[in-house]
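First comes the structure, then the notes that go with it.
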Amino acid sequence: MSENLLEKISSQTMKRRTFLKWTGAVAAPAVLGGATVANKLVPSPAAAEGTAESVKVVPTCGTLNCGGKCLIKAHVKDGTITRLSTDDDPRDKNADSLKFPQIRACVRGRGYRRHVYHPDRIKTPLRRTGKRGEGKFKEISWEEAIKEIASESTRIKEKYGPASRYGIYATGQTGQIGSGDTLIQRLLACDGGFLGRYSNYSSGQHGAATPYTFGVGSASSSLDTLVDSKLIVLNGFNPAETIFGHFNVYLRLAKKAGAKIYIIDPRNTDTAVGLADDWFPIKPTTDNALIAGMAHVMFSENLQDQAFLDQYCIGHDEEHMPEGVPAGESYKSYIMGVTDGVEKTPEWAAKVTGLPAHKIKQLAREVASTKPMAWIQGNGINRHMNGEQLSRGGSLVAALTGNIGVKGGWAGPGAAGIAKYVAFPSIENPTGLSIPCFRFTDAIADGENMGTAEGVKGLEEGQTLPSNIKMIFNIAGNALINQHSDINKTIELISDESQVEFIVTTDLYMTPSAKYSDIILPTCTFFEQSDFVPPWSYGQHIIMSQKVIEPLFDSKTEYEWMTELARELGVEQQFTEGRTQDDWVKWIINETRKEQPDFPTYEQLKKTGIHKYDFEPVIAFEAQIKDLKNNPFETSSGKIELFSKDLWDMDNPEEIPAIPKHVLLEEGAEATTKGKYPLQLIGWHSKRRTHSSYDTSDWMEEVEGNIMWMNPIDADERDIKEGDLVKVFNDRGALKMPVKVTSRILPGVMAIPQGGWFTPDKDGIDTRGSINVLTTHKATALGHCNPQHTNLAQAEKA
Ligand SMILES: Nc1nc2c(c(=O)[nH]1)N[C@H]1C(S)=C(S)[C@@H](COP(=O)(O)OP(=O)(O)OC[C@H]3O[C@@H](n4cnc5c(=O)[nH]c(N)nc54)[C@H](O)[C@@H]3O)O[C@H]1N2
Ligand SMILES: Nc1nc2c(c(=O)[nH]1)N[C@H]1C(S)=C(S)[C@@H](COP(=O)(O)OP(=O)(O)OC[C@H]3O[C@@H](n4cnc5c(=O)[nH]c(N)nc54)[C@H](O)[C@@H]3O)O[C@H]1N2
Ligand SMILES: [Mo]
């Protein structure tokens, strides 16, 4: 049967019974993809789900980077997955368990079969034949591929030094051992070293900012404590769609227990629609102006928790400032106009944020008077050019209202880590060098001039990197092109074969990043290998992801092909320590059991898949608030630093202010009136994709189309109607996509769901709504992070 015919059959099957029906009790026979290549894949067209005896149910776990890491039960018949179900833990049969909530798969988790059995999966190793990026490849054997990667890697190491080799940010697979991203770093560490990286695209600004407030990177309580909150404010956070470590479960429980939930977001999100009591539509990047307006109300009406501030904080007023700072620089001085002559009244804040002054006053009074109150910073405020400031702003609200160290309050971004296990061991990178992950394009173009000022770690002041990046391993990621900013500029850089000399990608699909690679290797989904999968740092469970089916086509797991590469490079023993991937899963479990004797065994996990930890509530900084003298904060002052002397000393007050104030940005809200781009453009993480993953899934397209949002006022001005194709553009690029005209978004703001695959037409205009054609390479000042929600653009009918 030809592949075309197979595709036809599969799409007809899809039409007959839509995916949404498929997720019900009766599963359809899967006749999807790849029959020509591997018999082992293709079920007979007649394969129905079968009798109870013939169907095996195998628990496993989704390892994509959505933070959920949910229990997925694969129903397998004759080696084929025919249906997926999920957690039905009886301890949570009434959906009210605080400790053991069902870790249920969302619509994407339920739709994984289309991700696995898809005709577009890459089936054999490929080598580029045309110019880089032209999209011409020929099939090669694994043996050839491994030999070529080994010889190029060695050549480049010898010519430019080991720190010219880079494993790019890649989150397509996040299990402990299956994560190719972790494995390639381990392998390169065995082979002389590489250029490492730190930070991430998710919460880099939070991570950079939080230590300046609290002295440590984590300021988190456990999710169950939210049930004690009376008021929860979600600031740039959309967990109904992003799940986010099952935050959504606890918000629902908190609401049931009587908490009010408010949403501050330019969009009336699914979270707002489903859970919120009120929506505060704010112009992107202006949250600190809202907070300033609220602080003005608090200081004017004496609503702030002065006793808390005086005891635990510095920087809130002139009486509590660090040494060596001139008068008039405290937060209160800024609010009352002493610092810059502008009083930050609610009316001032209204002009900046777009929120009515009476709503700002209402929010200030409620936030100050309702205790306990949890102000939670999402990653939506993080991914801005002033993300570090916005992140500190949320913690400032918590301090002003005395909601730190109390149950039901909240101190900073994220949530407390509960899952504890012995991790897959890493091997130290011999070069000791690392860059902020967002600056890899800078390190390709001009790494030799990057030093500590550009965020490089492992160098002395005055030193620079020994080489530009010359080789890239892109292992289960799409940030080489699609998920990084300014796609057109990145493509110019990556297309130049004299800059990066060799690029290896592994993926399931021919993504935009794969297209710009020299060797592409077909790898496996989590169904095709075993792994140990913790959720994001604050999850409360782990899952043993079991191998459910054999690797499809000619694919290999990352562990398997890297073991072969390690052998070729002469470092196999060091790389594997004599263990298979499954041996490592057992190793982690056994080592963990040495520390936690009641942790389940490998055999037990084979049956249940999941382990949920019993735990006591964690309250961030409880010890400090109970007894500051014996438990000072780990800041220079020993207190919560609302004014940071360390930031002040950086002497860059426009970009890195010492207090979380509102700053003007080149592409911020105020700049809309200044140039040719009058609309703010943000992205969001939509339910139909995990980043760019599932963009090819027609089942997910049934869930939600790839559609941008625009307010009717902006649409009318441009004669744009619901469903029209709209061209969105700025100096960096242009895209076309259909529009939803809706008052669920603030006028002056457009939103595009991030992750569409860059698909240029003959004029280079993207046709899939790939937002990163419009975003910038410029990194944030403090953390060198990705400001991918801070953009100005124009729109017109296409
Ligand atoms: N404009 C804008 N850009 C953004 C963001 C934004 O909000 N706006 N968000 C940023 C954030 S927070 C993040 S974390 C990054 C994420 O960026 P990436 O880490 O690049 O994530 P994905 O786009 O999901 O890419 C994962 C790749 O892995 C592949 N894959 C999926 N499953 C498997 C598997 O089992 N095995 C293998 N080998 N491959 C697999 C997928 O096909 C996909 O190509 O994007 C960032 N980019
Ligand atoms: N379905 C799905 N789930 C995911 C992912 C996915 O791709 N798909 N990705 C996962 C990953 S890696 C991450 S990092 C998380 C991210 O999850 P979230 O933290 O929820 O991040 P975003 O979706 O980027 O943004 C959240 C909200 O912030 C709003 N926002 C943007 N700018 C501003 C602003 O200036 N002020 C305010 N107040 N709000 C603003 C956006 O409209 C959006 O609704 O989601 C994870 N979960
Ligand atoms: Mo992320």
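The values are calculated or read from the model by the stated rules, or taken from the named source; none is laboratory data. As the structure is a prediction and not an experimental result, all values here were calculated from the model. Backbone-built Cβ (ideal geometry, glycine too); neighbour counts: all protein chains shown. The accessibility values were calculated without ligands, DNA or RNA, using every heavy atom of the protein model including side chains. Shrake-Rupley method; radii C 1.70, N 1.55, O 1.52, S 1.80 Å.
Given a Förster radius of 45 Å and the C-beta distance between Leu493 and Gln574 as r, what FRET efficiency does 1/(1 + (r/R0)^6) yield to the nearest 0.05? Approximately 0.85, to the nearest 0.05. In a DSSP loop and with at most 14 other Cβ atoms within 10 Å, the GluC sites (Glu not before Pro) in the stretch 124-188 are Glu134.
Taking only the Cα atoms of the chain, the ratio Rg/Rh comes out at 0.96, with Rh defined as the Kirkwood radius. The distance from the alpha carbon centre of the stretch 139-215 to that of the stretch 335-410 is 38 Å, rounded to a whole number.
Extending 7 Å from Cα along the Cβ direction at Asp277 and again at Ala95 yields two label points whose distance is 2.1 nm. In this structure the amide hydrogen of Asp486, modeled in the peptide plane, comes within under 5 Å of the amide hydrogens of Leu774, Thr775, Thr776, none closer than 5 places in sequence on its chain. Excluding same-chain neighbours fewer than eight residues apart, the aspartates and glutamates reachable from Lys77 by a Cα-Cα span under 14 Å are Glu49, Glu53, Glu550. Close Lys pairs in the stretch 672-797 (alpha-carbon distance under 17 Å; sequence gap of 8 or more, or different chains): 13. Which percent of the accessible area of the stretch 415-469 is formed by carbon and sulfur heavy atoms (probe 1.4 angstrom)? Here carbon and sulfur together make up 42 percent of the probe-accessible area. For the stretch 238-261, the residues whose amide N sits under 18 Å from a probe point set 7 Å from the Cα of Gln596 along the beta carbon direction are 245-246. Taking Lys and Arg as +1 and Asp and Glu as -1, the other residues whose beta-carbon sits under 11 Å from that of Tyr613 total 0.
Rounded to the nearest whole Å³, what is the per residue volume of the convex hull around the Cα atoms of the stretch 134-223?
192 Å³
Summing charges over all other residues whose Cβ lies under 14 Å from the Cβ of His662, with Lys and Arg as +1 and Asp and Glu as -1, gives -2. The equivalent ellipsoid that matches the C-alpha gyration tensor of the stretch 59-167 spans semi-axes of 42, 20, 12 angstrom, in descending order. Here is the list for the stretch 751-798: trypsin sites (Lys or Arg not before Pro) lying in DSSP coil, each with at most 14 other C-beta atoms within 10 angstrom of its C-beta, are Lys762. Each principal axis of the Cα cloud of the stretch 604-699 was taken in turn, and the coordinate range along them, longest first, works out to 61, 57, 18 Å.
Taking a Cβ cut-off of under 15 Å around Asp92, the surrounding Lys, Arg, Asp and Glu residues balance to a net charge of +1, with basic ones at +1 and acidic ones at -1.
Would you mind calculating the gained length between Arg567 and Gln306 on full extension (0.36 nm times residue separation, minus the Cα-Cα distance), in nm to one decimal?
Taking 0.36 nm per residue and subtracting the Cα distance, the gain is 87.5 nm.
The H on the amide N of Leu231, modeled in the peptide plane, is under 5 Å from the matching H of Lys260, Ala374, each at least 5 residues off or on a different chain. Here the stretch 88-149 was treated as a single set of alpha-carbon atoms; its pair distances binned every 5 Å from 0 give 4, 14, 11, 12, 11, 9, 8, 7, 6, 8, 9, 2 percent.
From the largest down, the stretch 242-352 spans 47, 33, 26 angstrom on the principal axes of its Cα atoms. Here is how the number arises for the chain: DSSP H runs of 4 or more residues each give -39500 (n - 2.57), the sum is divided by the residue count, and the result at 222 nm is -8000 deg cm²/dmol.
When its C-alpha radius of gyration is set against 2.2 N^0.38 Å (N residues), the stretch 344-466 gives a value of 1.53.
Proximity of backbone amide H atoms, modeled 1.01 Å from N, is registered between Gly167 and Leu195, Phe473 at under 5 Å, excluding neighbours fewer than 5 places apart on the same chain. Per atom type, the stretch 672-797 shows carbon and sulfur on 52% of its accessible surface, probed at 1.4 Å. Considering only Gly733, Gln788, Met708, the residue lying farthest towards the positive end of the dipole of the stretch 672-797 is Gln788, judged by Cα position with unit charges set on Cβ.
Measuring between alpha carbons in the structure, the pairs from Lys69/Lys612; Lys69/Lys420; Lys56/Lys607; Lys136/Lys159; Lys56/Lys420; Lys344/Lys407 lying more than 22 angstrom apart are Lys136/Lys159; Lys56/Lys420; Lys344/Lys407.
Model label sites at Ala327 and Thr673, defined 7 Å from Cα along the beta-carbon direction, differ in position by 3.4 nm. Magnitude of the charge dipole for the chain, about its Cα centre and with charges confined to Cβ atoms of Lys, Arg (+1) and Asp, Glu (-1), is about 2560 debye.
The mean sequence distance of close C-alpha pairs (under 8 Å, at least 6 residues apart), as a share of the length of the chain, puts its relative contact order at 18 percent. Averaged per residue, the chain has 36 square angstrom of accessible surface, using a 1.4 angstrom probe with ligands and nucleic acids left out. Sorted from longest to shortest, the spans of the Cα atoms of the stretch 672-797 along the three principal axes equal 42, 38, 32 Å. Counting only DSSP beta bridges with both residues in the chain, the antiparallel share comes to about 50 percent.
What you get for the stretch 535-592, charging only the Cβ of Lys and Arg (+1) and of Asp and Glu (-1), is a dipole of about 220 debye around the Cα centre. Dividing the mean sequence gap of close Cα pairs (under 8 Å, 6+ apart) by how many residues the stretch 672-797 holds gives a relative contact order of 34 percent. Charge dipole (Cα centre; +1 on Lys/Arg Cβ, -1 on Asp/Glu Cβ; no other charges) of the stretch 672-797 amounts to roughly 400 debye. Run the simple label-point estimate for Asp651 and Lys626 please: 7 Å along Cα→C-beta, distance reported in nm. Going by the 7 Å Cα→Cβ label model, 4.4 nm. Keeping the other protein chains in place, figure out the carbon and sulfur percent of the accessible area of the stretch 536-607, with a 1.4 Å probe. On the stretch 536-607, the fraction of accessible area on carbon and sulfur atoms equals 44 percent.
Averaging Cα coordinates gives a centre for the stretch 276-323 and one for the stretch 533-580; these two points are 48 Å apart. For the stretch 395-493, how big is the tail of P(r) above 15 Å, as a whole percent of Cα pairs? Distances greater than 15 Å cover 74 percent of the Cα pairs.
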